[in-house]
Amino acid sequence: MEAPLYPDFPLDPSIPPGGQPAFWVGPRHLAGDDGRLYDTVADTLAGLGWTSLTIVRGRHEPDEAPEDRQVLRSTVLHISPDTLRWAQWSLADEPFHLGDLPIAWQISTRAETNTPLAQWSAYFTPDVPGEAVADFLVALDARDQPAVPLAGPELVLDTVAAHGWLRDIDQPHVAATDPTFTSHISLGEVPPLIQDADPRALTTEADEAGPAGWQAWAEPALGAPCLWAASFGSSVPHDLVAAFGASLSSTAPVLRRVLPEATRERLLRAPA
């Protein structure tokens with residue numbers, strides 16, 4: 001760790017929600033999102049100059065007060081200044097699930113402004129550390145051509161290995177895990193419904209393997225529900241996945257007030 005952490009420092013369960021003390025915690029990949037995944041990412045996008053739009057769907061009766069309106073679904077959409085990339089907060093918009101967890105952020109990009117179709121998309125569930133999603137977006141924003149690959153898949157594995165993650169013994173060129181074998185990143189079959197412009201994704205037969213994409217997830221215990229999951233379409237550039245992996249596997253502690261129940265006993269923590 002890059003800061004002294006004290007695993008035996010107790011959390012005070014008597015402090016009500018909203019008044020929790022702040023702690024520096026690690027490892028980052030098990031620290032959750034602090035209940036602030038939207039705020040962390042949205043603040044980053046605002047700092048990058050992205051525009052935010054709120055789309056509200058509901059029922060509004062004549063002469064009905066605004067506070068009585070029945071909002072059925074709502075989406076917040078953030079768009080980059082060049083309109084080539086966008087990030088959609090879809091947790092309140094009946095999202096589909098990834099690893100039995102609802103998608104919170106969907107990040108997409110297109111190659112040209114004259115097409116509405118996304119070249120690729122990446123998906124993040126709640127409890128993905130917000131720092132990792134934010135760093136992915138900062139790397140995406142810095143790209144002149146967000147849909148063009150600049151590196152090979154080895155970059156992703158080299159990046160997490162530099163932070164102490166271990167390459168899979170059986171698949172050293174496509175998978176790695178943290179030293180506790182809790183969090184994983186792997187290049188393989190893409191789950192259903194992941195949007196990608198690769199034509200092979202549309203022509204693959206049921207018994208054939210489609211184009212490979214990066215998947216990442218945290219499984220606190222063997223067979224237990226995932227804490228979080230992230231999925232990258234097959235066309236997501238490897239250097240952008242590496243930016244996510246670098247942040248996810250970072251040994252620098254993160255500030256948290258809310259710790260995930262599934263991993264709180266595994267976290268090192270020190271009062272902030």
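The values are calculated or read from the model by the stated rules, or taken from the named source; none is laboratory data. Given the structure is predicted, the values throughout are model-derived calculations rather than measurements. Cβ sites come from the backbone with ideal geometry, for glycine too, and all protein chains shown count toward neighbours. Calculation scope for accessible area: heavy atoms of the full protein, side chains included, ligands and nucleic acids excluded. Shrake-Rupley method; radii C 1.70, N 1.55, O 1.52, S 1.80 Å.
Does region 190-200 include one or more residues that are at pLDDT 90 or above and open to solvent by less than 30 Å² (accessible area, probe 1.4 Å)? No: zero hits.
Mind checking whether some residue in region 147-168 is in contact with an Asp or Glu (Cβ under 7 Å, 6 or more places away or on another chain) and either β-branched (Val, Ile, Thr) or free of Cβ contacts under 8 Å to residues at least 40 places away in the same chain (or both)? Checking region 147-168: not a single residue is in contact with an Asp or Glu (Cβ under 7 Å, 6 or more places away or on another chain) and either β-branched (Val, Ile, Thr) or free of Cβ contacts under 8 Å to residues at least 40 places away in the same chain (or both). Taken together, the criteria place LEU117 among residues that are over 18 Å from ILE185 (Cβ atoms) and modelled with pLDDT under 95. Number of residues in region 129-148 that are surrounded by 14 or more Cβ atoms within 10 Å (Cβ to Cβ) and more than 29 Å from VAL25 (Cα to Cα): the value is 3. Does ALA161 qualify as being at pLDDT 90 or above, touching a Lys or Arg at 6+ places or on another chain (Cβ under 9 Å), open to solvent by less than 70 Å² (accessible area, probe 1.4 Å) and of a type in the set (A, V, I, L, M)? It is true that ALA161 is at pLDDT 90 or above, touching a Lys or Arg at 6+ places or on another chain (Cβ under 9 Å), open to solvent by less than 70 Å² (accessible area, probe 1.4 Å) and of a type in the set (A, V, I, L, M).
Mind telling me which of the residues PRO126, PRO191, PRO149 ends up being over 21 Å from THR251 (Cβ atoms) and more than 17 Å from the chain's Cα centre (by Cα)? Just one listed residue meets the conditions, PRO149. Taking each residue of region 211-227 that is among the β-branched types (Val, Ile, Thr) and looking for partners that are modelled with pLDDT of 95 or more and in a loop (DSSP other than H, G, I, E, B) with beta-carbon atoms closer than 9 Å, six or more apart or interchain, yields nothing.
To keep it simple, each residue is scored yes or no on (1) part of a helix (DSSP H, G or I); (2) open to solvent by 20 Å² or more (accessible area, probe 1.4 Å); (3) touching a Lys or Arg at 6+ places or on another chain (Cβ under 9 Å); (4) under 19 Å from PHE23 (Cα atoms).
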site: CYS226; (1), (2), (3), (4): no, yes, no, no
site: ALA230; (1), (2), (3), (4): no, no, no, no
site: ASP239; (1), (2), (3), (4): yes, yes, yes, no
site: ALA242; (1), (2), (3), (4): yes, no, no, no
site: SER247; (1), (2), (3), (4): yes, no, yes, yes
site: LEU255; (1), (2), (3), (4): no, yes, no, yes
site: VAL258; (1), (2), (3), (4): no, yes, yes, yes
site: GLU261; (1), (2), (3), (4): no, yes, no, yes
site: ALA270; (1), (2), (3), (4): no, no, no, yes
